[in-house]
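Below: one structure, written as structure tokens.
The values are calculated or read from the model by the stated rules, or taken from the named source; none is laboratory data. Note that the coordinates shown come from a computational prediction; the quantities given were computed from them, not determined experimentally. Don't worry about glycine lacking a Cβ; one is built from the backbone with ideal geometry, like all the others, and counts go over all protein chains shown.
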């Protein structure tokens, strides 16, 4: 923008929001004191299984994004485009900038046992002191260690995380946005720069790691052929947003008072606190908390819980058996089911990628000496009560480790639409739960773009705008806290 030009009163922005099971393009109009969203394209995002393993269908993702941008062009265009996605996965480019195969899916089995090997080589304490990440077997650092010695990695000249890979397709520019880079395990948790030392110790050429970008910086402008194909104006900028979808969601948490914790609940439940500095002590490592970057240098101190993946995989299994899977009916059945009849550990690795989630839940119950749920309502109640108890456990431990007082919880993302989960979380934690917005990720994406265009102020101002314009629902803890405490005491842990 020309510094002498008057600032617009409002503008439209395109949020490309890619989740692990679906993607969408949402156009958001932001003005002073107002914000409206409109979804212009939604598309599936499923993995493809090849002889080499489980991969993302990148061509299908690109088609879905292009269709969404064409819809945005038909609707009158946008002031910029921003891209967010899930974390850890990446593509490799050769010396000519060509993609070396489809990106691997983080649930691919090639990393089995690799994390333990890397931790043995480097040392678990030293690794955590460097990158501050929780131990997850699919972290990028472990994926790259699994690829050590491969012809593909030897031919690579650039590594791009998924949002940056899509940005490269749109603009031709190379870079790595810092919130997603912080999930790789290759970023120094203290300095916020790439750890060349750690890259070298896993056998990775540090030259593969591209320059870092901050949210709000310009990635580039649409390539002429992309502008022509979408109908968007030549020179339309692509803005770096908080490109890890959780970072975008946390940016849109409508927290306007101190004492807030957050749960970004979608495929995963990411439960934690926003801090000014990482927590890197041994107790934090042992508790498996992660320190990831947020907007404006904040730290997302959190732990991953399986989230709505548990419920959605149950629905997928039932649908394959020809059973009805309408969510409202399932939640009614769950509300009528016996409380605390069976509980599972929502962080157990056996739930990461089972072929049949209801069967995996029943097997866990049998293995831990519980009576397995007998019907669908009991399974759903087991899932939701177990998630609520996981939320309780993680947030209480986060508050202890960070020495913070938590007085209320903001639950955002698709899970905020699940009234039973929200009520259970309030009862389990003994804290009020403010549910919404469901579209937190897209809102955070759009707000960072709007801020880059001068339409909204700092992070607190962004959050006040969300609180003022989005529908929120409050759930009070009510009674029954003693029953939830008793359930927490007997919750099986692996």
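Run residue 83 past the list (1) within 22 Å of the chain's Cα centre (by Cα); (2) under 30 Å from residue 350 (Cβ atoms); (3) crowded, with 21+ Cβ neighbours inside 10 Å and report the number of the one that doesn't hold.
Looking at each condition in turn, residue 83 falls short on (2).
Could you figure out which of (1) under 25 Å from residue 393 (Cα atoms); (2) crowded, with 16+ Cβ neighbours inside 10 Å isn't true of residue 335?
Checking residue 335 against (1) under 25 Å from residue 393 (Cα atoms); (2) crowded, with 16+ Cβ neighbours inside 10 Å, the one that fails is (2).
Among the residues of region 54-70, is any in contact (Cβ under 8 Å) with a residue 12 or more places away in the chain, more than 24 Å from residue 229 (Cβ to Cβ) and in a loop (DSSP other than H, G, I, E, B)?
no
Against the definition (in a strand (DSSP E or B) and not assigned by TED's automatic domain parsing to the domain that holds residue 37), how does residue 248 come out, yes or no?
no
Can you pull out the helices (runs of 4 or more DSSP H) entirely within region 398-486 that have at least 3 residues that are out of contact with any helix residue (DSSP H, G or I) (no Cβ under 8 Å at 6 or more places or on another chain)?
Passing ranges, in order: 440-452, 459-469.
Taking the conditions exactly as written (surrounded by fewer than 22 Cβ atoms within 10 Å (Cβ to Cβ) and touching a residue at least 40 places away in the same chain (Cβ under 8 Å)), does residue 259 satisfy them or not?
Yes, satisfied.
Determine which member of the set 108, 120, 96, 89 is free of Cβ contacts under 8 Å to residues at least 12 places away in the same chain and closer than 28 Å to residue 23 by Cβ.
From the options 108, 120, 96, 89, the qualifying one is 96.
For residue 346, are the conditions met, namely being free of Cβ contacts under 8 Å to residues at least 24 places away in the same chain, in contact with a helix residue (DSSP H, G or I) (Cβ under 7 Å, 6 or more places away or on another chain) and either closer than 16 Å to residue 381 by Cα or assigned to a loop (DSSP other than H, G, I, E, B) (or both)?
no
Only one of these is surrounded by fewer than 22 Cβ atoms within 10 Å (Cβ to Cβ), in contact with a strand residue (DSSP E or B) (Cβ under 7 Å, 6 or more places away or on another chain) and modelled with pLDDT of 95 or more: 231, 272, 220. Name it. Before you say what the answer is, go through the steps one by one.
On the way: 231 fails: in contact with a strand residue (DSSP E or B) (Cβ under 7 Å, 6 or more places away or on another chain); 272 fails: surrounded by fewer than 22 Cβ atoms within 10 Å (Cβ to Cβ).
None of the others qualify; the one that does is 220.
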